[in-house]
Structure formats: C-alpha cells, structure tokens
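Structure first, commentary second.
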C-alpha cells in the first residue's frame, strides 16, 4: 500500500512539474515575441530635382467659338428652305423664305395711300400759292390805306388756314412714307440670309411649317449656323481651382470620340458668374465656365462632343520633389526641443505650448536611415499628377518612403523598423 501511494505521488509530481515547465515556456515565448519590434515593408524613392507643372482638370463640351441662332422676326409659313443640316453656307446666302402675301397686300395699300397723300399735298400747295398771293396784295393795299381792316383780316385768316391745311397734307405724306417703309422692312424680313460663312449645325424646322416671330414669346429657333473653323472647349472648373486659372494658360484637351488624340489650346475667357447644381443639398457643386480656344482643330470635331481638359496653370523648374503619395499629414510629430524638469515655470510653460502645437496636423514624409523610418516635417509647393515640390525639410539624394499607402498614412511611426522592398510595383496616380 505504501509503495502504491508513493508511485501516485511521483506521477502527480511529474504531471504538475511538466505543466509548470510548459507554462513557463509559453510565458517566455510570449514575452520575447511581445518585445520583438514589428518590421514594416516599404517602397522607397530618392529625393530628386524635377520640373513640376501644376494642372487643373475640368470636363465640358466642344463648341464653335462663333455661332448664330437664327430666329425670325415675322410670323408665317415657310415657303422656301434651300439648305439642310450639315450644309456649308456663305454670308448672304438664302437660308429661308417666309410667306409674305399679307405684307405684300399691306405694301400695295400703303403705296396707294402715299400716292393719294402726295396728290392732296399738290392741291393744298396750289391753294396756298393762290391764297398767299391774294393775302400779299391785300396787305400791300392795306398799308397804303386802299383796303379796309376787315378785308385785311379776312385775307390773313384765309392765308393762315390754307397754310395749316398744306402743312397737314405734308404730315400725311410723311406718315404714309413711314408706314410704307415699315411694311417694306417687314416684307424684307420674310427673307432670311446667312449672317456669316459657316455650317448649318442645327435645323429645327421643315418646309411648310409655320414659324412665329420674335413678338410671340421668344420666337421660333429655326436653325444654328456655326463657324467650325474656330472651335473651343467650354469646361466647368471647380470654384477652388478657378482662382489658379488665368487667361493665356495653355491646356491639353482630350475628346472622348478621338480616344488617344490630344489637342492643344489656350484659355481665352473665364466666366464671372457661378454655375450651381444641387443648390441647398449635400451634393451642391459650384463651378465656373472657362473657354479654351483649340489651336489646331480637327475637321471632324463637332459641337456637343464631350471633352476633358488639363489646364497648365504654373510651372517651376529644377525643384526638389518627392512622389505625391509620400506626403501625409500627422499630429504625432516628435518634439524637436526638449525641456528639462528643473528649468522652472518658464520651462513648464514652454513644454505645454510645444505639446499644444504638436497636436496640429502637419505635412510630413518618412525618410529611411539605418533600417528605420524617421518622420520629417516638410513644406510643400506645386504638384502635378505624380510629384510634389518640397520647399524645405529634405535634401537631394535622401531616401523617402513612397509606399504602401497604408504604411505611410497609418502604420509608420518615428523610429519604426522597416524593410525596403522596391521590387513591388509602385502605384502612381495618373
């Protein structure tokens, strides 16, 4: 019995001893692995001098620089329409003729009225000559005392009355002429000719259709004649970017229909009035219209085609630069000035001020030195699609972390151990 108890005690001792050793081993492994520093894999690139061109991207439509929307000034039926959409027309060429029978009838009536007024004027003129002669004779006799006062007053009254009738006849002639000119002008407006050389880019009516003149609301838009030799891109630029754009800035325009072909252009006009969409909602967008004259347009460019424009607003040459994704914002910037605890009140105040300042977001990059990442505060300038100018904080030839995005924006800290892995392709914004 005693030997059995001894065996059981030894067995329990071995079991508990083994468990204790296992626990101690696990604790040692956990402790050593917990103290092991995490190594972050990164990609790097050298700080180099480059030429940086700042661009503003915008989208819009292709439009002719000069176009005229044809609207009739008279109402009537279209009796002649010798052009169709896409036709090239010259200045002064007939575009449309509106039926003018009613205006022709008015013209004939007013011509008759004018003839009647002119005939009446001749009669009044003859009467005035006779009455004026009689009046002058009586006036002379009266001055010599050979006619009475009553005869003189009667002659004078008759003269003045006849003269007034003559002047009224003159006014009637002038009025008839004015009415005739008015109807002739209206009759002239029934024929519409092209105001310039161009192409009929839009035709909204057909032969026999009745159109309304400008006196009826806005009138009928008959057609649009455009000068396709002068083409421009009309794009919408965001309110934050339009302040960077100036008249004369060069631009590169890509038209969706032409795929990889690029057109060169120059900013010719910047709108002063904002174009707001989604007013009062979270999707509210404020843009400004910018016109870009295309310098060498293709003959196949058509009004209304969609386009994208990159406006080159400013260029700096031979400036230190890093990949644009290398720059991030951080608040955990290490203190550059240390303050000892025995410096008194002034030292405490300085430390508090420094801590408060470090809570502000600042632009930083991470440089790699001796296998560790060092956070460096930088001041940046212009940027293009790939690189951003660094005005201070870095030296040419230093190695900066350029990837990955997660490492730069979240994982890396000042002093983090890193492993450079430049074999991985770096994602570059295009």
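Per-structure values
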| quantity | calculated |
| --- | --- |
| Any hit, the range 124-138, residues being buried (at least 16 other Cβ atoms within 10 Å of the Cβ), in a helix (DSSP H, G or I) and either in contact (Cβ under 8 Å) with a residue 40 or more places away in the chain or within 60 Å of the chain's Cα centre (by Cα) (or both) | yes |
| Residues (at pLDDT 90 or above and surrounded by fewer than 18 Cβ atoms within 10 Å (Cβ to Cβ)) located in the range 218-228 | 227 |
| The listed residue being under 23 Å from residue 306 (Cα atoms) and touching a strand residue (DSSP E or B) at 6+ places or on another chain (Cβ under 9 Å), out of 211, 199, 193, 205 | 199 |
| Condition met for residue 144 (out of contact with any helix residue (DSSP H, G or I) (no Cβ under 9 Å at 6 or more places or on another chain), at pLDDT below 90 and either surrounded by fewer than 17 Cβ atoms within 10 Å (Cβ to Cβ) or not assigned by TED's automatic domain parsing to the domain that holds residue 302 (or both)) | yes |
| Sole exception among (1) over 60 Å from the mean Cα position of the chain (by Cα); (2) exposed (fewer than 12 other Cβ atoms within 10 Å of the Cβ) for residue 151, by number | (2) |
| Selected residue [part of a helix (DSSP H, G or I) and closer than 29 Å to residue 309 by Cα] from 173, 243, 237 | 243 |
| Verdict on residue 409 being in contact with a helix residue (DSSP H, G or I) (Cβ under 6 Å, 6 or more places away or on another chain), in contact (Cβ under 8 Å) with a residue 40 or more places away in the chain and assigned by TED's automatic domain parsing to the domain that holds residue 326 | no |
| Residue ID - surrounded by the fewest Cβ atoms within 10 Å (Cβ to Cβ), chosen from residues in the range 246-267 that are free of Cβ contacts under 8 Å to residues at least 40 places away in the same chain and in a strand (DSSP E or B) | 262 |
| Residues of the range 268-301 that turn out to be surrounded by 11 or more Cβ atoms within 10 Å (Cβ to Cβ) and assigned to a loop (DSSP other than H, G, I, E, B), as a count | 4 |
| Hey, residue 165 surrounded by 19 or more Cβ atoms within 10 Å (Cβ to Cβ) and within 30 Å of residue 123 (Cβ to Cβ) or not | no |
| Unmet requirement for residue 212, which otherwise passes all of (1) in contact (Cβ under 8 Å) with a residue 60 or more places away in the chain; (2) in the same structural domain as residue 296 (by TED's automatic domain parsing) | (2) |
| Per-region count, the range 92-103, residues more than 15 Å from residue 223 (Cα to Cα), modelled with pLDDT of 90 or more and surrounded by fewer than 16 Cβ atoms within 10 Å (Cβ to Cβ) | 1 |
| The listed residue being buried (at least 17 other Cβ atoms within 10 Å of the Cβ), at negative phi and modelled with pLDDT of 50 or more, out of 326, 335 | 326 |
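The values are calculated or read from the model by the stated rules, or taken from the named source; none is laboratory data. Just so you know, these numbers come straight off a predicted model, no measurement behind them. Note that each Cβ is placed from the backbone with ideal geometry, even for glycine, and that neighbours are counted across all protein chains shown.
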